[in-house]
Amino acid sequence: MKTEIYLKLLEMRKKHPCLFCLIDPDKNDILTNVRLAEIYEKCNADAILIGGSIMIEDNYEETILQIKKSVKIPVIIFPGLFNFVSGYADAILLLNMLSSRNPQVLIEEQVRCAPQLYHTGLESIPTGYILIESGNLSSVQYMSHSLPIPRKKNDIALIHALAGQYMGMKMIYLEAGSGAKEAIPNEMIKYVANKLDIPLIVGGGIRTAESAKEKADAGADFIVIGTVLEELDNYTLVKDIADAIHSVQK
Ligand code: 1GP
(Lines give C-alpha, C1' and ligand atoms only; values in the text may rest on other atoms or scores of the structure.)
Protein backbone atom coordinates (compact mmCIF):
# COMPACT_ATOMS: atom_id res chain seq x y z
CA MET A 1 0.00 0.00 0.00
CA LYS A 2 1.23 3.51 -0.85
CA THR A 3 2.09 5.86 2.01
CA GLU A 4 3.75 8.76 0.18
CA ILE A 5 1.16 11.46 0.88
CA TYR A 6 0.61 10.33 4.46
CA LEU A 7 4.34 10.58 5.13
CA LYS A 8 4.40 14.00 3.46
CA LEU A 9 1.59 15.16 5.76
CA LEU A 10 3.53 13.93 8.79
CA GLU A 11 6.61 15.85 7.60
CA MET A 12 4.53 19.00 7.08
CA ARG A 13 3.03 18.61 10.54
CA LYS A 14 6.49 18.45 12.12
CA LYS A 15 6.93 22.13 11.25
CA HIS A 16 3.54 23.33 12.49
CA PRO A 17 -0.19 22.47 12.43
CA CYS A 18 -1.58 22.57 8.90
CA LEU A 19 -4.57 23.94 7.01
CA PHE A 20 -6.71 21.82 4.69
CA CYS A 21 -9.09 23.85 2.48
CA LEU A 22 -12.18 21.90 1.44
CA ILE A 23 -13.66 22.27 -2.03
CA ASP A 24 -17.11 20.82 -2.68
CA PRO A 25 -17.26 20.30 -6.48
CA ASP A 26 -21.05 20.66 -6.43
CA LYS A 27 -20.89 24.24 -5.22
CA ASN A 28 -19.18 25.76 -8.29
CA ASP A 29 -18.27 25.11 -11.90
CA ILE A 30 -14.92 23.53 -12.69
CA LEU A 31 -13.10 26.77 -13.54
CA THR A 32 -14.22 28.42 -10.29
CA ASN A 33 -13.13 25.38 -8.28
CA VAL A 34 -9.72 25.44 -9.95
CA ARG A 35 -9.39 29.16 -9.29
CA LEU A 36 -10.29 28.56 -5.62
CA ALA A 37 -7.65 25.85 -5.31
CA GLU A 38 -5.04 28.19 -6.78
CA ILE A 39 -6.02 30.96 -4.38
CA TYR A 40 -5.91 28.60 -1.39
CA GLU A 41 -2.44 27.46 -2.38
CA LYS A 42 -1.25 31.07 -2.78
CA CYS A 43 -2.70 31.83 0.66
CA ASN A 44 -0.52 29.07 2.19
CA ALA A 45 -3.03 26.25 2.55
CA ASP A 46 -1.15 22.98 3.03
CA ALA A 47 -3.51 20.71 1.09
CA ILE A 48 -6.78 20.74 -0.83
CA LEU A 49 -9.53 18.40 0.32
CA ILE A 50 -12.13 17.65 -2.31
CA GLY A 51 -15.54 16.13 -1.70
CA GLY A 52 -18.52 16.38 0.62
CA SER A 53 -21.53 14.37 1.74
CA ILE A 54 -23.39 14.49 -1.56
CA MET A 55 -22.45 14.63 -5.24
CA ILE A 56 -25.07 15.82 -7.71
CA GLU A 57 -23.15 17.47 -10.54
CA ASP A 58 -21.23 15.53 -13.16
CA ASN A 59 -17.98 17.48 -12.75
CA TYR A 60 -16.18 15.53 -10.03
CA GLU A 61 -13.37 13.73 -11.92
CA GLU A 62 -12.73 16.66 -14.23
CA THR A 63 -12.57 19.05 -11.26
CA ILE A 64 -9.95 16.88 -9.56
CA LEU A 65 -7.95 16.50 -12.78
CA GLN A 66 -7.91 20.24 -13.44
CA ILE A 67 -7.08 21.12 -9.81
CA LYS A 68 -4.23 18.59 -9.85
CA LYS A 69 -2.82 20.27 -12.95
CA SER A 70 -3.03 23.69 -11.31
CA VAL A 71 -1.60 23.29 -7.79
CA LYS A 72 1.45 21.65 -6.24
CA ILE A 73 0.03 21.01 -2.75
CA PRO A 74 -1.57 17.57 -2.16
CA VAL A 75 -5.10 17.05 -3.45
CA ILE A 76 -6.88 14.62 -1.16
CA ILE A 77 -10.36 13.16 -1.53
CA PHE A 78 -12.78 13.60 1.37
CA PRO A 79 -15.44 11.07 0.37
CA GLY A 80 -19.13 11.02 1.02
CA LEU A 81 -19.91 7.74 -0.72
CA PHE A 82 -17.98 4.98 -2.46
CA ASN A 83 -18.32 6.61 -5.87
CA PHE A 84 -15.96 9.37 -4.76
CA VAL A 85 -12.80 7.39 -5.63
CA SER A 86 -10.75 9.00 -8.43
CA GLY A 87 -7.27 8.08 -9.59
CA TYR A 88 -6.56 11.73 -10.45
CA ALA A 89 -6.18 12.69 -6.77
CA ASP A 90 -3.06 12.16 -4.66
CA ALA A 91 -4.83 10.24 -1.89
CA ILE A 92 -8.16 9.61 -0.20
CA LEU A 93 -9.08 9.89 3.46
CA LEU A 94 -10.75 6.49 3.67
CA LEU A 95 -13.26 7.35 6.36
CA ASN A 96 -14.52 4.85 8.88
CA MET A 97 -17.29 6.52 10.83
CA LEU A 98 -16.40 5.20 14.26
CA SER A 99 -19.09 7.17 16.09
CA SER A 100 -21.80 5.47 14.03
CA ARG A 101 -23.42 2.10 14.57
CA ASN A 102 -24.67 2.01 10.99
CA PRO A 103 -22.91 -0.78 9.04
CA GLN A 104 -23.20 1.23 5.83
CA VAL A 105 -20.61 3.77 7.00
CA LEU A 106 -18.65 1.33 9.16
CA ILE A 107 -17.94 -1.23 6.40
CA GLU A 108 -20.33 -1.17 3.42
CA GLU A 109 -18.99 2.00 1.76
CA GLN A 110 -15.38 0.86 2.24
CA VAL A 111 -16.12 -2.52 0.65
CA ARG A 112 -17.68 -0.76 -2.34
CA CYS A 113 -14.61 1.51 -2.59
CA ALA A 114 -12.14 -1.37 -2.54
CA PRO A 115 -12.25 -2.41 -6.24
CA GLN A 116 -11.79 1.20 -7.38
CA LEU A 117 -8.93 1.67 -4.91
CA TYR A 118 -7.32 -1.50 -6.24
CA HIS A 119 -7.64 -0.52 -9.91
CA THR A 120 -6.67 3.14 -9.54
CA GLY A 121 -3.80 2.54 -7.10
CA LEU A 122 -4.97 5.64 -5.23
CA GLU A 123 -3.25 6.07 -1.87
CA SER A 124 -5.66 5.38 0.98
CA ILE A 125 -5.25 7.07 4.34
CA PRO A 126 -7.44 5.11 6.81
CA THR A 127 -9.13 7.73 8.95
CA GLY A 128 -11.33 7.24 12.01
CA TYR A 129 -14.19 9.71 11.52
CA ILE A 130 -16.00 10.86 14.65
CA LEU A 131 -19.09 13.02 14.49
CA ILE A 132 -19.69 15.43 17.38
CA GLU A 133 -22.94 17.21 18.19
CA SER A 134 -22.73 20.78 16.89
CA GLY A 135 -26.03 22.57 17.52
CA ASN A 136 -27.64 21.75 14.18
CA LEU A 137 -28.49 18.71 12.05
CA SER A 138 -25.61 18.31 9.59
CA SER A 139 -25.71 16.66 6.15
CA VAL A 140 -23.33 13.97 7.34
CA GLN A 141 -25.50 13.13 10.33
CA TYR A 142 -28.62 12.94 8.19
CA MET A 143 -27.03 10.99 5.33
CA SER A 144 -25.26 8.51 7.61
CA HIS A 145 -28.22 7.86 9.95
CA SER A 146 -25.81 8.27 12.85
CA LEU A 147 -26.04 9.82 16.28
CA PRO A 148 -23.30 12.34 16.99
CA ILE A 149 -21.37 12.16 20.27
CA PRO A 150 -22.65 14.77 22.79
CA ARG A 151 -20.33 17.77 22.70
CA LYS A 152 -19.57 17.72 26.43
CA LYS A 153 -18.69 14.00 26.50
CA ASN A 154 -14.93 14.20 26.06
CA ASP A 155 -14.50 10.69 27.41
CA ILE A 156 -16.79 9.17 24.79
CA ALA A 157 -14.95 11.04 22.00
CA LEU A 158 -11.63 9.80 23.40
CA ILE A 159 -12.55 6.12 23.56
CA HIS A 160 -13.77 6.24 19.96
CA ALA A 161 -10.53 7.90 18.87
CA LEU A 162 -8.45 5.36 20.79
CA ALA A 163 -10.47 2.50 19.29
CA GLY A 164 -9.56 3.87 15.85
CA GLN A 165 -5.89 4.11 16.78
CA TYR A 166 -5.78 0.56 18.12
CA MET A 167 -7.53 -0.73 15.00
CA GLY A 168 -4.75 0.77 12.86
CA MET A 169 -6.28 4.01 11.59
CA LYS A 170 -3.63 6.56 10.58
CA MET A 171 -5.60 9.69 11.47
CA ILE A 172 -8.57 10.64 13.61
CA TYR A 173 -11.01 13.28 12.33
CA LEU A 174 -13.22 15.06 14.88
CA GLU A 175 -16.08 16.40 12.73
CA ALA A 176 -18.73 18.92 13.76
CA GLY A 177 -20.28 18.78 10.27
CA SER A 178 -20.04 21.19 7.38
CA GLY A 179 -21.54 24.55 8.30
CA ALA A 180 -21.84 23.51 11.95
CA LYS A 181 -23.31 26.10 14.30
CA GLU A 182 -20.65 25.24 16.88
CA ALA A 183 -17.18 23.88 16.12
CA ILE A 184 -15.55 21.04 18.10
CA PRO A 185 -14.98 22.32 21.67
CA ASN A 186 -11.35 23.19 22.46
CA GLU A 187 -11.57 21.16 25.67
CA MET A 188 -12.51 18.04 23.72
CA ILE A 189 -9.63 18.55 21.27
CA LYS A 190 -7.20 18.93 24.16
CA TYR A 191 -8.55 15.88 25.96
CA VAL A 192 -8.33 13.65 22.89
CA ALA A 193 -5.04 15.01 21.47
CA ASN A 194 -3.23 14.53 24.79
CA LYS A 195 -3.88 10.81 24.82
CA LEU A 196 -3.74 10.01 21.10
CA ASP A 197 -0.55 8.99 19.28
CA ILE A 198 -1.82 9.50 15.73
CA PRO A 199 -2.56 12.88 14.09
CA LEU A 200 -5.84 14.63 14.80
CA ILE A 201 -7.89 16.40 12.12
CA VAL A 202 -10.54 18.89 13.30
CA GLY A 203 -13.24 20.44 11.12
CA GLY A 204 -16.74 21.82 10.90
CA GLY A 205 -17.97 25.32 11.77
CA ILE A 206 -14.56 27.01 12.01
CA ARG A 207 -15.02 30.51 10.60
CA THR A 208 -12.26 32.75 11.95
CA ALA A 209 -8.47 32.79 12.30
CA GLU A 210 -8.88 33.08 16.10
CA SER A 211 -11.06 29.98 16.27
CA ALA A 212 -8.69 28.03 13.97
CA LYS A 213 -5.72 29.01 16.12
CA GLU A 214 -7.54 27.92 19.30
CA LYS A 215 -8.11 24.47 17.74
CA ALA A 216 -4.44 24.21 16.78
CA ASP A 217 -3.36 25.41 20.24
CA ALA A 218 -5.59 22.73 21.77
CA GLY A 219 -3.77 20.03 19.80
CA ALA A 220 -5.37 19.73 16.34
CA ASP A 221 -2.72 18.75 13.79
CA PHE A 222 -4.81 19.51 10.70
CA ILE A 223 -7.67 22.01 10.52
CA VAL A 224 -10.33 21.72 7.81
CA ILE A 225 -12.15 24.82 6.56
CA GLY A 226 -14.82 24.77 3.88
CA THR A 227 -18.08 26.68 4.18
CA VAL A 228 -16.70 30.05 5.27
CA LEU A 229 -14.36 30.11 2.27
CA GLU A 230 -17.22 29.46 -0.16
CA GLU A 231 -18.97 32.56 1.14
CA LEU A 232 -15.97 34.82 0.56
CA ASP A 233 -15.15 37.29 -2.11
CA ASN A 234 -12.10 38.42 -0.19
CA TYR A 235 -9.53 35.71 0.37
CA THR A 236 -7.35 37.45 2.95
CA LEU A 237 -9.21 35.30 5.50
CA VAL A 238 -7.60 32.16 4.06
CA LYS A 239 -4.15 33.64 4.55
CA ASP A 240 -5.06 34.91 8.03
CA ILE A 241 -6.27 31.44 9.01
CA ALA A 242 -3.19 29.72 7.52
CA ASP A 243 -0.82 32.18 9.22
CA ALA A 244 -2.63 31.80 12.57
CA ILE A 245 -2.43 28.00 12.43
CA HIS A 246 1.18 27.99 11.22
CA SER A 247 2.22 30.28 14.09
CA VAL A 248 1.37 27.58 16.64
CA GLN A 249 4.45 25.88 18.07
CA LYS A 250 4.53 22.12 18.37
C1 1GP B 1 -16.80 19.47 6.76
O2 1GP B 1 -15.14 19.63 8.46
C3 1GP B 1 -15.49 20.05 7.18
O4 1GP B 1 -16.77 18.12 6.70
C5 1GP B 1 -15.49 21.54 7.02
O6 1GP B 1 -16.56 22.15 7.69
O7 1GP B 1 -17.61 23.53 5.92
O8 1GP B 1 -18.03 24.03 8.33
O9 1GP B 1 -15.82 24.52 7.32
P10 1GP B 1 -17.02 23.64 7.30
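The values are calculated or read from the model by the stated rules, or taken from the named source; none is laboratory data. No experiment lies behind these values; they were computed from the predicted model shown. These accessible areas exclude ligands, DNA and RNA; they are computed on the full protein's heavy atoms, side chains included. Shrake-Rupley method; radii C 1.70, N 1.55, O 1.52, S 1.80 Å.
Determine by what factor the alpha-carbon radius of gyration of the range 65-154 differs from 2.2 N^0.38 Å, reporting the quotient.
1.21
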Self-check item: Note, ³J(HN,Hα) from phi for the range 155-166, Karplus 6.51, -1.76, 1.60, rounded to Hz, x at Gly and Pro
Solution: 5, 5, 4, 4, 5, 5, 5, 5, 4, x, 4, 6
Quiz item: Over all distinct alpha-carbon pairs, what is the Kirkwood Rh of the range 80-224 in angstrom?
Solution: 15.3
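Considering every pair of different Cα atoms, what Kirkwood radius, in Å, is found for the range 175-250? Could you put the intermediate results ahead of the total?
Values: mean 1/r = 0.0803 Å⁻¹.
Result for the range 175-250, one decimal place: 12.5 Å.
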Quiz item: Residues with amide H under 5 Å of ILE50's amide H, sequence separation 5 or more or different chain, H placed in the peptide plane at 1.01 Å from N; which?
Solution: ILE23, ILE76, ILE77, PHE78
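Leaving out ligands and nucleic acids, note down the accessible area per residue over the chain with a 1.4 angstrom probe, in whole Å².
Numbers: 11410 Å² over 250 residues.
Roughly 46 Å² per residue, with all protein chains present.
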Self-check item: Accessible-area value, VAL71, 1.4 Å probe, nucleic acids and ligands omitted, Å²
Solution: 10
Quiz prompt | Inter-part distance where the range 32-66 and the range 215-233 are each reduced to a Cα centre, Å | solution = 15
Exercise. Step through the residues of the range 94-108 one at a time and calculate ³J(HN,Hα) from phi using the Karplus curve (6.51 cos²θ - 1.76 cosθ + 1.60, θ = phi - 60°), rounding each to whole Hz and writing x for Gly and Pro.
Key: 7, 7, 10, 7, 4, 7, 8, 10, 9, x, 4, 9, 8, 8, 4
Quiz item: Stretch GLU61-ALA163 to full length: gain in nm at 0.36 nm per residue minus the Cα-Cα span?
Solution: 33.4 nm
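Once you have a ≥ b ≥ c as the square roots of the Cα gyration tensor eigenvalues for the range 104-179, tell me rounded if a/c is under 1.5, and otherwise prolate or oblate according to whether a/b is larger than b/c.
Numbers: a/c = 2.48, a/b = 1.52, b/c = 1.63.
Oblate, since a/c reaches 1.5 and b/c is not below a/b.
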Quiz item: Across the range 123-135, in residue order, what do the Karplus-derived ³J(HN,Hα) couplings come to in whole Hz, using 6.51 cos²θ - 1.76 cosθ + 1.60 with θ = phi - 60° and x for Gly and Pro?
Solution: 5, 10, 10, x, 10, x, 10, 10, 8, 10, 4, 9, x
Quiz item: In units of 2.2 N^0.38 Å, what is the alpha-carbon radius of gyration of the chain?
Solution: 0.91
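Starting from the residue with the highest accessible area, list THR32, THR63 in decreasing order, probe 1.4 Å. Don't skip to the end; give the middle numbers.
Numbers: THR32 40, THR63 0 Å².
Descending order: THR32, THR63.
Taking a ≥ b ≥ c as the square roots of the Cα gyration tensor eigenvalues, with a/c under 1.5 meaning rounded and otherwise prolate when a/b beats b/c, else oblate, which class fits the range 87-135? Walk me through the numbers on the way to the answer.
Details: a/c = 3.35, a/b = 1.76, b/c = 1.90.
Verdict is oblate for the range 87-135.
What is the extension gain from THR236 to ILE107, computed as 0.36 nm multiplied by their sequence separation minus the C-alpha to C-alpha distance, in nm to one decimal? Please report the intermediate quantities before stating the final value.
Details: separation 129, 0.36 × 129 = 46.44 nm, distance 4.03 nm.
This chain segment gains 42.4 nm when fully extended.
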Quiz item: For the chain, what is the calculated [θ] at 222 nm in deg cm²/dmol (nearest 500), taking -39500 (n - 2.57) for each run of four or more DSSP H residues and dividing by its residue count?
Solution: -12000 deg cm²/dmol
Quiz item: Just for the Cα atoms in the range 5-114, what are the lengths along the principal axes, largest first, rounded to whole Å?
Solution: 40, 36, 21
Quiz item: Based on the alpha-carbon gyration tensor of the range 50-97 and its eigenvalue square roots a ≥ b ≥ c, which shape applies: rounded if a/c is under 1.5, prolate if not and a/b is larger than b/c, or oblate?
Solution: oblate
Exercise. Can you send over the carbon and sulfur percentage of the accessible area for the range 139-244, probe radius 1.4 Å, protein chains only?
Key: 52
